[in-house]
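A quick write-up on the structure given underneath.
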Amino acid sequence: GLGIINIPVYIHIVYPNANSISDAQVNSQMATLNADFRDTNVDQLPSGTTFANDATDAGFSFSLAGVFRHNDPKSSWGTNDAVKAAYPPITPSTHMNIWVCEIGGGILGYAQFPGGKESTDGIVLGGDFFGNTGGVYGLGRTATHEVGHYLNLRHIWGDGRCRQDDFVADTPNADSSNGGCPTFPSTSCKSADMTMNYMDYTYDACMYMFTDGQRNRMRAIFQPGGARASMIN
Ligand code: ARG
Ligand code: ZN
Ligand code: CA
């Protein structure tokens, strides 16, 4: 097998005062990614849900390879990859690039799926949702969710109605996203939604798991010929 797959990370901080995102904030984000993708996060599944045994160690670690701060007065970067054009990714075939900037429009973050253009490969996070910042999206799980997309995961509801698959067998179908912090069980199709999955839209404190199926889907792209195989050789 591939063992624990380590992903080296470059972080581009683009703000009027780029020092406003501190090294401590960066480190808190790295710690959350490492905990969530190894299933060592402390807010583990409470007993009493049918998913209590489904939380898995996805087998990824993340190492900080460099932080680049750019003072830039632009206050709203949008979701059209403009920040990536201004500050291009560094060796995206071997490193995950993260841009931290003001996206605007209430957007927490966005990601590119594997197999896309190298010039836009990576994830973008709003600084208010990067690392431990407080608030309902303040535990760094926007990054966990976006890295899930970067590693080929779809939303838990498949971005469609009950019959729309997310291409993962052990995540139940859901009719749409869940928000907030739902009381278990919250059922939109035939069985309880996995609202506590990182790939739903619930609050940071209320999402805390990937499944084996998601783990296998993420790791498949690192096999020979896979879309991110270049990262591990
Ligand atoms: N809406 C964003 C997306 O679809 C991120 C959602 C993150 N959710 C969270 N609890 N931090 O990519
Ligand atoms: Zn998403
Ligand atoms: Ca599924």
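No lab work stands behind these numbers, since they all come straight from the coordinates. What you see is a predicted model; the values in this text were computed from it and never measured. All Cβ positions, even for glycine, are placed from backbone atoms using ideal geometry, and neighbour counts span all protein chains on display.
Whole number please: convex hull volume per residue of the Cα set in the range 1-128, in Å³?
About 137 Å³ per residue, rounded to a whole number.
Using a Förster distance of 25 Å, how high is the FRET efficiency between ASP175 and ALA220, based on the Cβ-Cβ distance and rounded to 0.05?
0.40
Residues with amide H under 5 Å of TRP99's amide H, sequence separation 5 or more or different chain, H placed in the peptide plane at 1.01 Å from N; which?
When sequence neighbours closer than 5 places are left aside, the close amide H contacts are HIS12, ILE123, VAL124, LEU125.
Estimate the FRET efficiency between ALA227 and ILE4 by the formula 1/(1 + (r/R0)^6), using the beta-carbon distance for r and 22 Å for R0, to the nearest 0.05.
0.70
Over the chain, what is the relative contact order in whole percent, taking alpha-carbon pairs under 8 Å and six or more residues apart?
The normalised contact order for the chain reaches 22 percent.
For the range 190-233, what does the relative contact order come out to in percent, with C-alpha contacts under 8 Å and a separation of six or more?
The normalised contact order for the range 190-233 reaches 21 percent.
From Cα coordinates alone, what are the radius of gyration and Dmax values for the chain in angstrom?
Here Rg and the maximum Cα pair distance are 17.0, 50 Å.
Give me the net charge of VAL83's neighbourhood, meaning all other residues with Cβ under 12 Å from the Cβ of VAL83; Lys, Arg count +1, Asp, Glu -1.
-1
Which residue, GLY126, GLY59, GLY179, tops the fluctuation ranking in a GNM of the chain built on C-alpha contacts under 10 Å?
Between GLY126, GLY59, GLY179, it is GLY179 that shows the largest mean-square fluctuation.
Using a Förster distance of 30 Å, how high is the FRET efficiency between GLN164 and SER20, based on the Cβ-Cβ distance and rounded to 0.05?
The formula returns an efficiency of 0.15 here.
Which net charge results when you count Lys and Arg as +1 and Asp and Glu as -1 among the other residues whose beta-carbon is under 13 Å from that of SER191?
Net charge around SER191: -3.
Quote the relative contact order of the range 83-214 in percent (integer), defining contacts as alpha-carbon pairs under 8 Å separated by 6+ residues.
18
Give me the number: length gained by fully extending ASN27 to ASN71, i.e. 0.36 nm times residue separation minus the C-alpha to C-alpha distance, one decimal in nm.
Separation in residues times 0.36 nm, less the Cα-Cα distance, equals 13.8 nm.
Whole-Hz ³J(HN,Hα) for each residue in the range 118-127, computed from phi via Karplus 6.51 cos²θ - 1.76 cosθ + 1.60 with θ = phi - 60°, x for glycine and proline: what do you get?
Result, rounded to whole Hz: 4, 5, 10, 6, x, 10, 10, 10, x, x.
Determine the gain in length on full extension of the stretch SER119-VAL42; use 0.36 nm per residue of separation and subtract their C-alpha separation, reporting nm with one decimal.
Once the chain is fully extended between SER119 and VAL42, it gains 24.1 nm.
What share of Cα pairs, in percent, lie more than 15 angstrom apart in the range 62-107?
47
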